[in-house]
1. Using Cα pairs under 8 angstrom and six or more residues apart, how large is the relative contact order of region C:184-276, in percent?
2. Roughly how compact is region C:135-177, stated as its Cα Rg over 2.2 N^0.38 Å to two decimals?
3. Can you pull the three principal axis extents for the Cα set of region C:1-78, in Å, largest first?
4. Compute the distance from the alpha-carbon center of region C:15-36 to that of region C:194-220, in whole Å.
5. Specify, per residue and in Å³, the volume enclosed by the convex hull of the alpha carbon atoms belonging to region A:109-187.
6. Could you sort the peptides A:89-101, C:185-197 by per-residue average Cβ neighbour count (10 Å cutoff), highest mean leading?
7. Send over the Kirkwood Rh of chain C, from the inverse of the averaged 1/r over different Cα pairs, rounded to one decimal Å.
8. Sequence gap at least 6, Cα distance under 8 Å: using those rules, report the relative contact order of region C:1-152 to the nearest whole percent.
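Read-outs throughout are calculated quantities, based only on the coordinates presented, and are distinct from any laboratory measurement. Since this is a predicted model, take the numbers as computed values, not measurements. Counting neighbours? That spans all protein chains shown, and the Cβs are built from the backbone with ideal geometry, glycine included.
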Amino acid sequence: MHKQKVCTYKVLLHPRRSLIYFDYMKNLDRRNFLKTAAVGAASLALGSRPVKAADKTLSEDRIGILIDTTVCAGCRHCEWACRTAHGLPAGDLESYSDNSVFKYYRRPDNSSLTVVNEFENEKNPMLPVYVKSQCMHCEKPACVSACIVGALTKNEDGSVTWNDDKCIGCRYCMVACQFQVPTYEWHKSIDPHIMKCDLCSERRSKGLLPACVEICPNEALLFGKRSDILKAAKNKIKRKPGTYIDHIYGEHEIGGTTVMYISGKKFDDLKMPQLGTATAPGISEAIQHGIFAYFVPPVTLFALLGTVMWITKFGKSGTAGCTKENEKLQTENKNETSSG
Amino acid sequence: MKKIHFILIPLVFFGFILGKVFTPDTEDKKQISTEFSQDKASQNDAGRFHDNSLLRVTQKLNCKSCHESEYPTKDYPGLLSCPRSDMISVYHSPEEGPEFVKIDEMSDYYNGVEFSHKVHAEMSEMSGGCTGCHHYNTTGPVLNCRKCHESSRSREDVSIPDLKAAYHRQCTNCHKQWSNENGCSNQCHTPKGSDVSLVSSSVKSKTHPVLTLPAKLVWETGAKTNKIVTFFHNEHVEIFGLECKSCHNQESCIKCHTVERNIDPAKLTRRDRSIEEHHKPCANCHMGNSCQKCHRDRELSPFDHSRSGGWVLKSYHSSIACEKCHGTAMPYIRTGHKCISCHKKFSEEFDHKLAGFTFSEGHTGLECKNCHPDGDFTKTPVCTDCHDDKSFPQDLPGTRK
Amino acid sequence: MKPLPVKRNFFTFGVFILIVLALNGLAFLAIRFYSGLGAVTNLDNQTPWGLWIGVDVAAGVALAAGGFTSAALAHVFHRESYSAIVRPALLTAMLGYTFVAFAVCIDIGRFYYIWHPLLMWNGNSALFEVGICVMIYMTVLYIEFLPIVTERFIGKVNLPGVLAAFNKPVEALLKLLDRGLGKTMFVFVIAGVVLSTLHQSSLGTLMVIAGQKMHPLWQTPVLPLLFLLSAIAVGFPMIIFESLFASKSFRLKPEVSLLSNLGGMTIPLLGMYLAFKLGDMFIRETFVYVLRFDYTAWMFIAETFLPLTAFAVLLSGKRSHTQGYLLLASSLVIAGILLNRFNNFITAYRPFYDTVTYVPSVGEVSVTIGCIALLILIYRLIVIYFPVISHEKN
């Protein structure tokens, strides 16, 4: 029932979206996708093959964080705490009261893994809406699927962490991420890091809460089990229908995320990308596994080409000379085709 | 006078029990140390505080206030969402509460926070009352935040914010504007060890001017025709019995005050509002009405039952409450103009002696409609159906009492 | 006609210019390796991939497709008459892939960990597949090139000074190698074709995961197929272009009849690519974006119409004898595919939080041009010293 509500909400929203992103949605519309998939299916053997699930099964007790944008007061203490916890230059906590940073929209970068942005509140200009951005820790993360060496891991507890020892700095994770979260140390030539929120794995291993969760004066960040957090979010919306719109951002977006948002304003207006419910690596992995499927397609192709090679050679054996090689080829190819 | 005993004895008993149940334990008392102004009068006010709250318990509680079913069990309590806001019928005036409250329970980085309670209580008078902050407080003494809000952030049930969040949310609900001059340590918190008071002296004796309820509001719209809109505020409150909050919900100071900091706050400004915003409060009830209901080419005259209802309220009817006929819930029930519209059992039980005469023997067996066609008892009775030469009231179907 | 080393002077005026360009690129490269990617490129957190991936890597791989298409034609389908084109195409592919690997090395942040994918596998990653395939294919290309080296040196091993004692063992080794390779070469040839089809298509899969960040004109689940078809289509035009260009440069007689036959074979391949590309556009109804005629639309129109024009030119029949038409058609196809790769990786990539539109920096362009210049120089060097191009001895 809830899902249905989300859908109607989307329908309501569409006409008001900026044209290009509306179009993007239309493009990724399921029906259109299926249509196109049909074209590719013949060559890629898509769809018939089950898509491999994520390597690790997620824990039932995995983490969830709910960011209540109606509660956040924009004090930016989370930015300070995050920097401090990750050993980045943080400065004085009092200096974070400076609201001039809100003049421009900011994204997390290698100097701050989380940032808070201000949005206008039409109902009351004295009470702006603040939105914290950081890694969403997707349930089916595109970055983990994309990483060439598996340097990014979706952990059992739900967090997505980066492995310094593996990363080669190719930045494909940044290309893959729908929220544009991973950032890169552009001005380092040796040992540049991919920087993103790691849900304070170090702090949590010591039994502490993530730094941002702990410092938030308003507990705008609700930290707990994902299932509990979702329940709490639904309750909040049910109890205050005037305050919240009926949408938990991240409950279903690209297969669900660890960090979720509730808001009184449409998420488009808070610069949150409108994403479908299909997982981000879904299509890509389907194609990938379609092409590779236990190495059957490549080996088949190899055998096929070998056969062609043999047939054509056989057809011209009289003129081509080099009969010795020809014989060898024939036997080899026989082996090849029978094994293939 | 005797009746007073019957009310007072149970009330005192009830109050005693409530007092036992809700008296904060000693630890809680420490948490909010209240600071009163020096004069004795306000201390007396604080003394009155508890008594008043007990005397004003008026709401009716039954199982169905909280449970879905008539017979809740322990396993299936079928709890409804807490009707807390409906339960509160206790009214405290701002003067009853403390003038200042010092919140120093959670002070790890800073000194305790001085909170100007009275000024805020006065402001809340205009926007939802005490419950804006003291939510979940049904009856009895004001509960300590700590009663429900745990002090630890890592806890089992995160649906209720922790204590730190509970405090901060109360303030940041309205105070959301940060700047270098207006950060944590300049607004509420002083660093540990410092003895600077952040509550300015101007706040200490500040009161909001008393608000007077408007009787009638008239607007002129930009339309070419029907440009006058009249709104009778007094009628909506007095006659139609609307509560303030049914229209004035989700409002804040900026309803009247300008948002610019450098403009004299006493000066009131009106914000430009969209057409939807203008219509929203009215549309809650008047959704089905035509535009003409409010938009006219002249000011409307006050409510008149004969004009609005098409029926003059005569004799006894003019003194009864509206809900006698139109029901208690909004929107009011439309009733017809006939007597039986309200007097449902009129025909069977009516003692015709009340009309001034008793029927003669020949008339007792007749049905009402024989003389009062169409069930309309306001018209002159018809005699000509049986008698060619008789007419009411010259001739009576009986003897005058 | 036999493949023979081209007896020409290495240094000409053109070569001098190329050396200058290469040095310029290397200078910017030095900065990149000293101060990081941010110092030379216009890349940022919103646009993590730029010209080096879009052109150097993606277009580089596509344009090196001549290697596997010609190998398939001459060796798999045994059209021996085309063997003259196999060696130059093989050399181009080998150098092309070396250039791609080099570009990857300069683009990844931790170039010294380039070997990591060999040990650390992620089967879900399209990039992993591309990386592994390119690595293996490069090895295969080098192996395929070995016979040219042995042919050059067998009977001519003449090591200087003391090393002269090793002349005989080296000679024997070369002969052994030559014989062994001659017998097993078919495995490598087929492997080369299979590996090519795999990574050419996976290169398309790369951008599928970008999801909504890709403009709908390009973002399609059949992207891998389009990449593969376009790579196959660009293989022969690349050989034609390169052959004509080399003939001109070395003042040799171009083999127009052979090349025009290749041109003829390009028609169905190109037609297939265009059919799928336009078909995809119509099925997904993305032509509405073309009808907006904004920057992205024009880029799409350009990348579609360039090969379409080439298709028309080749179909017109004049191709059979005129060198000019062949050059025109092949250039158009190459430009179209080049633009397609550029568009897929750069134009189409319009992320949600794009604060600054990415435009390649001077440094990026310099490095790309420098690398291409270096590539041409090495090609020239190898062609002069090794028997690659078939021509009449003069």
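1. Details: 60 pairs, mean separation 24.6, N = 93.
Contact order relative to length: 26 percent.
2. For region C:135-177, the normalised Cα radius of gyration is 1.36.
3. 52, 35, 17
4. 31 Å
5. Expressed per residue, the convex hull around the Cα atoms of region A:109-187 is 128 Å³.
6. For the peptides A:89-101, C:185-197, the packing ranking is C:185-197, A:89-101.
7. 22.2 Å
8. Relative contact order, region C:1-152: 20 percent.
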